[in-house]
Amino acid sequence: MIAPANAPVRLGVVMLCHSDLDMAARMARIWVEGGARIAIHVDAKATPKAMRGMRAALADLPQVVFSRRHPCDWGRFSLVRATQEAAEALLAAHPDLTHVYLASGSCLPLRPIRDLIAYLAEDPQRDHIESVNALDVGWTVGGLNEERFTLFYPLDWRRRRWLFDRLVNLQRRLGFRRRIPKGITPHLGSQWWCLTTATLRAILEDPRRTEFDRYFRLTWIPDESYFQTLARRHAIRIESQSLTLAKFDHEGKPYQLYDDHMLLLEESRCFVARKVWKGSTGLMTRFPLAAEPQVDPAPPQPQHFERLINRTVRRRLLGRPGLYMQSRFPRKDCENGKTSAPYAIFQGFSDIFPEFETWLAAHVEADVHGHLLGPEMVEFAGRPQVGPGAISSIPQIRDRDPQGFLTALIRVTNRMQVFQFSPRDNQKLNWFMATDPNAQFHVVTGAWMLPLLDCDMPFDDIRRISAQLQRAELKQLEVLNSVWVKARVQIHELNDFMARPQAILGAALQQLQVPVHPAADMPRMRNTAGLPALLRQLRNSGLRPRLTGEGLELPEQSLTERTAAE
Amino acid sequence: MFRSRALSLADRLKRRSERQYLVARAFNRRRALKPVVDRTGRIRKGDILAFVTLRNEKARLPYFLDYYRKLGVNHFLFVNNDSDDGSGAYLSEQPDVSVWWTKSGYKKSRFGMDWINWLLMRHGNGHWCLTVDPDEFFVYPHCDNRPLGALTSWLDSSGRRSFPAMLLDMYPKGQIEEQPYTEGTNPFAIARWFDPANYTISKNAYYGNLWIQGGPRTRAFFTEDPLAGPALNKIPLVKWYWRYAYVSSTHMLLPRSLNLVYDEDGGEQASGCLLHAKFLSLFADKSAEELDRGQHYANSREYKAYHAGLRGRGTDLWCSESREYTGWRQLEDLGLISRGNWA
């Protein structure tokens, strides 16, 4: 199908090919059959055999010209040089062209070329080239934006990466700054464009072209900046969006397109997409879409597709918070979210109220566990042998990787996780939880002493255990009071808590930020009558109790009044 | 990057000599393998190869070959460790299979890794090589739509040389012995359950790999001593170079950089899973036999544990928290695998 001779738009294509010339030949045929003229540049590194095959495949098409071959390296000026010469060859062979499209051998036209021509005809003066001021872009790779233009880049990044990096650092240290030629402002953008021949000619025939070429030869990735910068100098109207759908990952490599992208590509209504994996036979047979009777000049809408790509880039760079797995094992403090959802830790409450766990479970919409980090077993809600996510309740397995245990539990469950904690439990996670913004601590210090009142151990053992637990809790409080804490922490001394348990408990429930059933009743409280005596006994045996609060008499009238007044 | 450089020079030299030792060892023992059918002449440039060691796994083979052929493996290289159930004859008939036979001890040859390292060195150089057992089935992101060749060409273009796939133990609901497996059928029609979130990870600083344990085996057989439970981390897919070597099963390799398949800055690299179809009705007989031979890792501790478990209460690994396998997307949602930036 040949475009009508009187059509206002006569399209030419410059095609850059590196490897896989079979596919490139197929693409060239699609372009030509759609009514375009084409100039092909083949990387000088391609084998003569492949080259012969390509020439043979296109021998019947007089609209095809081949330009002089250069060896091309990624990110170097050779790509610009190849484009320039191919464009010159194209314009010399077909001087009547109105637009030139730059494509690669793996760029697949998605819609009929006729649609593209109709779209260009809507405003024949417009240049379609993504061109963003280099000072403003935030998306280039490796943090080089402005520096692409102000330092020298004589080395190939792919082959001499180490030296390349050293050279950049050296120039930075020495304060190098290349002078940018007068009259141009560095712009960046996608390598793939569609320019009017007027603009393209102006760029190629610019009287200062030697000066510009010399400058760009040593900039970084000139194929993304040469035409993008010079178009700003010559164009009348720029539509700063590429007509080619081409997304790059964080390392600057183009995404490949597969058969399962078919629907997305169709919806994107883009004219051309790259880069197609050579095994995607489904895409190659489906596209370009067959021409409808009605020519459709609708503009491309790549937003949906771009969202998909951006999502994947985010997953590659940031990952899913709270996930630790075979291909994501962040170093400490590089987690981008230590856990995946909020959770709460109640410390001391189960010592004061023996049935606290069941009471709390009845009052909040959350999974309320016992002592998950307890020494005898992992006390999942309901005490199953195997907890959520098939996590074993055996403490040895948990203690093999406590952090993995907690993060997996939080990630695999849907509701908020709430659990009891005490100085008797595994203390390995103290720093991890304290520095996690998802954690919520409600601590009553010194409450661990209450269960000791009811036991009939000899006093020597009670004293020894008290010393151990007090040491553990003091150490934990050091963590909870440090400046690094990101968790929400509420600490009450036992004394203080006993003075107004209902108010503190109510406030704690409110803070959970899950639906709470109004707590009219209070859980049964342990008998604390023997506490002053025990404290005195401990003190007299040489162990100073430091966590239950001021004063021995409990509750001390004057103290509670003072606290309430505060 | 910086960290790995900063590691001590002594360690680097030590790893290097260890690698050289492994390569030399594999080379020295090459004569333990007698070629039965050698069709390696048919391997073309760019082919994807599979390397497998087996012993009496005839029942599993038809589905295994079928599965990997569909995935896009071009040639299979089997080491037949003295099978007597007709596995060897069956394999010899296959057009895309080369077979070597050996009688030497599995344990003596570092659990078969000397044989595999030799075949990899001899035939794997420059190819993407998948090293699996006959009961391991590779799944990766998009594996329902994209062949293995799409994955390897993407790995090539992103400059990666190895791809991790954690071992995921699959099991049936109910007693393992009660649901007989028929040769040629999909084992995951029976063993279609797995543990979603009970895996523990630690890092091996010397080799750089992650050490993953957990799953149903640790939960059911290794409760006394979870540290002794089987390792689940595997790196089965490698663009091979003749100087590489597997150190211990396919859990880790040398040089160390091949083990760095995970991101430490919070991002996710792409990864897959090996679905492990070990717990079928075939397993009960096998575990008794293997226990007698005593040829397995850590003095066959695993098999002893299974056997003890078996006698105690029959083997039912299923629990109310088990998940039924529905596909790679489910594994990705659970965070067992990741597509990384392979959109």
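The values are calculated or read from the model by the stated rules, or taken from the named source; none is laboratory data. Worth saying up front: this structure is predicted, and the values here are computed from it rather than measured. Every residue, glycine among them, receives a Cβ derived from its backbone with ideal geometry; neighbour counts consider all protein chains shown.
Answer yes if at least one residue in segment B:49-64 is exposed (fewer than 15 other Cβ atoms within 10 Å of the Cβ), in contact (Cβ under 8 Å) with a residue 60 or more places away in the chain and under 30 Å from B:L291 (Cα atoms), and no otherwise. Steps first, answer last, please.
As a first pass, look at segment B:49-64 and keep what is exposed (fewer than 15 other Cβ atoms within 10 Å of the Cβ): B:62.
Right, trim to in contact (Cβ under 8 Å) with a residue 60 or more places away in the chain and you get B:62.
If we keep only those that are under 30 Å from B:L291 (Cα atoms) too, we end up with B:62.
Among the residues of segment B:49-64, at least one is exposed (fewer than 15 other Cβ atoms within 10 Å of the Cβ), in contact (Cβ under 8 Å) with a residue 60 or more places away in the chain and under 30 Å from B:L291 (Cα atoms), which makes the answer yes.
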Original post:
Is it fair to say A:R76 is assigned to a helix (DSSP H, G or I), charged (D, E, K, R) and surrounded by 16 or more Cβ atoms within 10 Å (Cβ to Cβ)?
Top reply: no
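Taking the stated definitions as given, is A:E266 touching a Leu at 6+ places or on another chain (Cβ under 9 Å), among the charged types (D, E, K, R) and surrounded by 21 or more Cβ atoms within 10 Å (Cβ to Cβ)? Steps first, please.
Values: touching a Leu at 6+ places or on another chain (Cβ under 9 Å): yes; among the charged types (D, E, K, R): yes; surrounded by 21 or more Cβ atoms within 10 Å (Cβ to Cβ): no.
In short, no.
Applying the selection to segment A:357-399, what residues are assigned to a loop (DSSP other than H, G, I, E, B), among the small types (G, A, S) and away from chain B (no Cβ under 14 Å)?
Across segment A:357-399, the qualifying residues are A:A366, A:G374.
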Subject >> Some residue of segment B:163-184 being in contact with a Leu (Cβ under 7 Å, 6 or more places away or on another chain), over 22 Å from B:F279 (Cβ atoms) and crowded, with 19+ Cβ neighbours inside 10 Å >> reply: yes
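Select from segment A:337-356 the residues that are touching a helix residue (DSSP H, G or I) at 6+ places or on another chain (Cβ under 6 Å) and more than 14 Å from chain B (Cβ to nearest Cβ) and write down the one among them that is surrounded by the most Cβ atoms within 10 Å (Cβ to Cβ).
Taking segment A:337-356 and keeping what is touching a helix residue (DSSP H, G or I) at 6+ places or on another chain (Cβ under 6 Å), we get A:339-341, A:343, A:348-352, A:356.
From the residues that got through so far, the ones that are more than 14 Å from chain B (Cβ to nearest Cβ) too are A:343, A:348-352, A:356.
On the way: A:Y343: 25, A:G348: 28, A:F349: 24, A:S350: 26, A:D351: 21, A:I352: 21, A:F356: 21.
Ranking the candidates gives A:G348 first.
So that you can scan it fast, the table gives a plain yes or no per residue for (1) farther than 19 Å from A:F329 by Cβ; (2) of a type in the set (A, V, I, L, M, F, W, C); (3) not assigned by TED's automatic domain parsing to the domain that holds A:I352:
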| site | (1), (2), (3) |
| --- | --- |
| A:M377 | yes, yes, no |
| A:Q385 | yes, no, no |
| A:G389 | no, no, no |
| A:D401 | no, no, no |
| A:Q417 | yes, no, no |
| A:P423 | yes, no, no |
**OP:** Looking only at segment A:457-464, decide whether some residue is out of contact with any Lys or Arg (no Cβ under 6 Å at 6 or more places or on another chain), crowded, with 19+ Cβ neighbours inside 10 Å and closer than 28 Å to B:T223 by Cα.
**Re:** no
Original post:
Of the residues that make up segment A:287-298, is at least one small (G, A, S) and in contact with a strand residue (DSSP E or B) (Cβ under 8 Å, 6 or more places away or on another chain)?
Top reply: no
**OP:** Would you confirm whether any residue within segment B:145-162 is within 14 Å of the chain's Cα centre (by Cα) and either within 14 Å of chain A (Cβ to nearest Cβ) or acidic (D, E) (or both)?
**Re:** yes
**OP:** Could you please let me know if A:Q490 is at pLDDT 90 or above, touching a His at 6+ places or on another chain (Cβ under 6 Å) and not charged (D, E, K, R)?
**Re:** yes
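So that you can scan it fast, the table gives a plain yes or no per residue for (1) over 25 Å from A:F405 (Cα atoms); (2) free of Cβ contacts under 8 Å to residues at least 40 places away in the same chain:
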| position | (1), (2) |
| --- | --- |
| B:W115 | yes, no |
| B:G159 | yes, yes |
| B:E177 | yes, no |
| B:A197 | no, no |
**OP:** For segment A:132-145, indicate whether the set of residues that are closer than 17 Å to A:L243 by Cβ and crowded, with 24+ Cβ neighbours inside 10 Å is non-empty.
**Re:** no
**OP:** Taking A:E267 as meeting all but one of (1) within 17 Å of A:M23 (Cβ to Cβ); (2) away from chain B (no Cβ under 12 Å), write down the number of the exception.
**Re:** (1)
Original post:
Among (1) within 14 Å of chain B (Cβ to nearest Cβ); (2) part of a loop (DSSP other than H, G, I, E, B); (3) in contact with a Lys or Arg (Cβ under 9 Å, 6 or more places away or on another chain), where does A:M262 come up short?
Top reply: (2)
**OP:** Could you tell me which residue of segment A:275-321 is farthest from B:G149 (Cα to Cα), considering only residues that are facing chain B (nearest Cβ under 9 Å) and not in a helix (DSSP H, G or I)?
**Re:** A:P321
**OP:** Report yes if A:K247 is within 14 Å of chain B (Cβ to nearest Cβ) and either modelled with pLDDT of 90 or more or touching a Phe, Trp or Tyr at 6+ places or on another chain (Cβ under 8 Å) (or both), otherwise no.
**Re:** yes
**OP:** Scan segment A:98-110 residue by residue and report those that are over 18 Å from A:A25 (Cα atoms) and buried (at least 21 other Cβ atoms within 10 Å of the Cβ).
**Re:** A:H99, A:V100
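Tell me, which residue of segment B:252-277 that is part of a loop (DSSP other than H, G, I, E, B) and surrounded by fewer than 22 Cβ atoms within 10 Å (Cβ to Cβ) is farthest from the other protein chains (Cβ to nearest Cβ)? It would help to see each step written out before you state the result.
Narrowing segment B:252-277 to residues part of a loop (DSSP other than H, G, I, E, B): B:255, B:260-262, B:264-270, B:277.
If we keep only those that are surrounded by fewer than 22 Cβ atoms within 10 Å (Cβ to Cβ) as well, we get B:255, B:260, B:264-266.
Working: B:P255: 17, B:L260: 10, B:E264: 5, B:D265: 5, B:G266: 4 Å.
The residue in question is B:P255.
Which fully enclosed helices (runs of 4 or more DSSP H) of segment A:444-531 have 3 or more residues being within 19 Å of A:P423 (Cβ to Cβ)?
Details: elements: A:450-454, A:459-480, A:494-499, A:501-511.
Of the helices (runs of 4 or more DSSP H) lying wholly inside segment A:444-531, those with at least 3 residues that are within 19 Å of A:P423 (Cβ to Cβ) span A:450-454, A:459-480, A:494-499.
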Original post:
In the list B:L232, B:L280, B:L237, which residue meets the criterion of being facing another protein chain (nearest Cβ under 10 Å), touching a residue at least 60 places away in the same chain (Cβ under 8 Å), surrounded by 22 or more Cβ atoms within 10 Å (Cβ to Cβ) and of a type in the set (A, V, I, L, M)?
Top reply: B:L232
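I want to confirm something. Restricting to segment A:28-84 and keeping residues that are basic (K, R) and under 26 Å from A:P288 (Cβ atoms), which single residue is nearest to the chain's Cα centre (by Cα)? Break it down into steps so the answer makes sense when it comes.
So in segment A:28-84, the residues basic (K, R) come out as A:29, A:37, A:45, A:49, A:52, A:55, A:68-69, A:76, A:81.
Those still in the list that are under 26 Å from A:P288 (Cβ atoms) too: A:29, A:37, A:55.
On the way: A:R29: 39, A:R37: 41, A:R55: 44 Å.
Among those that are basic (K, R) and under 26 Å from A:P288 (Cβ atoms), it is A:R29.
Within segment A:401-411, identify whether any single residue is among the small types (G, A, S), facing chain B (nearest Cβ under 9 Å) and not in a strand (DSSP E or B), and answer yes or no.
So in segment A:401-411, the residues among the small types (G, A, S) come out as A:404, A:408.
Checking which are facing chain B (nearest Cβ under 9 Å) leaves us with A:404, A:408.
This time we only want the ones that are not in a strand (DSSP E or B), so: A:404, A:408.
Within segment A:401-411, one or more residues are among the small types (G, A, S), facing chain B (nearest Cβ under 9 Å) and not in a strand (DSSP E or B).
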